[in-house]
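A short reminder: the numbers here are calculations on the coordinates, not readings from a lab. Predicted, not measured: the structure shown is a model, and the values here were computed from it. Don't worry about glycine lacking a Cβ; one is built from the backbone with ideal geometry, like all the others, and counts go over all protein chains shown.
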Amino acid sequence: MPRHDPVPPPVVPPGLAAAWGGDEWRAWIEALPGLALAFLDRWQLRPDGPPAHGVIAMVLPVVGADGSPAALKLQRVDEETRGEPSALRTWDGRGAVRLLDSDPESGTMLLERLDAGRSLETEPDELTALGTLAGLLEQLSGYPAPAGLPRLADRGAAMLDRVPQVLSRLADAADRRLTADCAAALREVLDRPGDRLLHWDLHYGNVLAAPPEAQRAGRAPWLAIDPKPLAGDPGFELMPALANRWEDVVATGDVAAAVRRRFDLLTEAVGLDRARARRWTLARALQRTLWKVESGETALSTRDRAVALALRAGC
């Protein structure tokens, strides 16, 4: 039934509008308020607070026709976001936010509303936070990837094709050697890329507190959001957790030992083969290096270099 009460279009957060450039991005930003209104009407929703945003999406708190809280997520469809509804349907609320409805053409999703003010970043104890993240990694990667998702095998092969050009742009010989070693580690495992459903971007900021009703129903107190789904080996998932909350790592006074402690906790909790996970983590460091160098950097980031050095010699 069409809505009769007028609803003003939401104001696009300036930070989202400025996140990217180019004509296509600006056109999408200009169309975003109208798109939001269309889905408020289509799914019989009303706004319930100001919009939040990341770097590619706007999330509008809403209330459904039955009075239940939800979140309307609007984002462009691309290779990374296209599989998000499929992944969320596979998990069906087990360790991740629950998908209520979706529109594949526009990429718009209606999600259960989590506590946007409480991410795992707010957990003061670093080991507790890491243990929670490890538990989610184990749960989420316990499912075979649904058909149609990007495959780690393809991503890995494409990464190796880009290595020679990136090596030529790195200014420091030590960075070139480390990057080449990361590429060699990827070659050693690429013949067995895995078939698990990977979140691919599971860091503390992408884990939010579940609402009380979800916890009363026996679900986890923390739930993952914003997957960039990929079919592959769970060892490729560890890098964000190793590099997140870096100040905690630095504060130990021994960065390499702290990285290896995190790695040990994660691999043990998720039940991963440590040698394979080490190689896949070096492959993830390679991926991050490719992105940075191709965007104009000429050196590895401090975090990526430290993680790769800690794991390069084995652990």
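Approximating the spin labels as points 7 Å out from Cα along Cα→Cβ, the Glu138-to-Arg46 distance works out to 4.5 nm.
Quick one: Glu247, Glu237, fewest Cβ neighbours within 10 Å first, how do they rank? Intermediate results must be reported in sequence, preceding the final value.
Details: Glu247 7, Glu237 28.
The order, fewest Cβ neighbours first, is Glu247, Glu237.
Remark: the Gln215-Arg89 segment gains 43.4 nm on full extension, using 0.36 nm per residue and subtracting the alpha carbon distance.
Secondary-structure-derived ellipticity at 222 nm for the chain, considering helices only, amounts to -14500 deg cm²/dmol, per-run term -39500 (n - 2.57) for DSSP H runs with n ≥ 4. A full extension of the chain between Leu265 and Glu297 corresponds to an added length of 8.3 nm, given 0.36 nm per residue minus the alpha carbon distance. If R0 is 41 Å, what FRET efficiency do you get for Arg177 and Val55 from their C-beta distance, rounded to 0.05? Taking R0 as 41 Å, the efficiency between Arg177 and Val55 is 0.80.
Evaluate the relative contact order of the range 119-312 (contact order divided by residue number), counting alpha-carbon pairs under 8 angstrom at least 6 apart; express in whole percent. Please report the intermediate quantities before stating the final value.
Working: 285 pairs, mean separation 60.6, N = 194.
After rounding, I find 31 percent.
How high is the relative contact order of the range 190-262, in percent, counting Cα pairs under 8 Å that sit 6 or more residues apart?
Contact order relative to length: 36 percent.
Pick from Val207, Val11, Val293: which is most flexible by mean-square fluctuation in a GNM of the chain where alpha carbon atoms under 10 Å apart are linked? Of Val207, Val11, Val293, the Gaussian network model singles out Val11 as fluctuating most. Relative contact order of the range 14-117, taken over Cα pairs closer than 8 Å and 6 or more residues apart, is 19 percent.
Return the tail of the calculated pair distribution for the range 14-117, meaning the percent of Cα-Cα pairs more than 17 Å apart. Please list the in-between numbers first.
Numbers: 2779 of 5356 pairs.
Within the range 14-117, distances greater than 17 Å cover 52 percent of Cα pairs.
Would you please classify the overall shape of the range 60-160 from the alpha carbon gyration tensor, given that a ≥ b ≥ c denote the square roots of the eigenvalues, rounded means a/c under 1.5, and beyond that prolate means a/b larger than b/c while oblate covers the rest? Oblate shape, in that a/c is at least 1.5 and b/c is the bigger or equal ratio. Reported to the nearest whole Å, the Cα centre-to-centre distance from the range 179-194 to the range 68-103 is 31. Would you kindly calculate the translational diffusion coefficient of the chain, applying Stokes-Einstein with the Kirkwood radius from alpha carbon pairs, for 10 °C and a viscosity of 1.306 mPa s, and quote it in µm² s⁻¹ without decimals? My calculation gives 77 µm²/s for D.
The phi torsions of the range 201-210, fed into the Karplus equation with coefficients 6.51, -1.76 and 1.60 and a -60° offset, translate into couplings of 9, 8, 10, 4, x, 9, 10, 10, 5, 6 Hz, rounded to whole numbers, with Gly and Pro shown as x.
Fully extending the segment from Thr122 to Glu105 would add 2.6 nm, taking 0.36 nm per residue of separation and subtracting the current Cα-Cα distance.
FRET efficiency for the Ala256 to Val7 pair, using the beta carbon distance and R₀ = 45 Å, is estimated at 0.25.
Working from label points 7 Å from Cα in the Cα-to-Cβ sense, the Trp25 to Gln165 distance is 2.0 nm.
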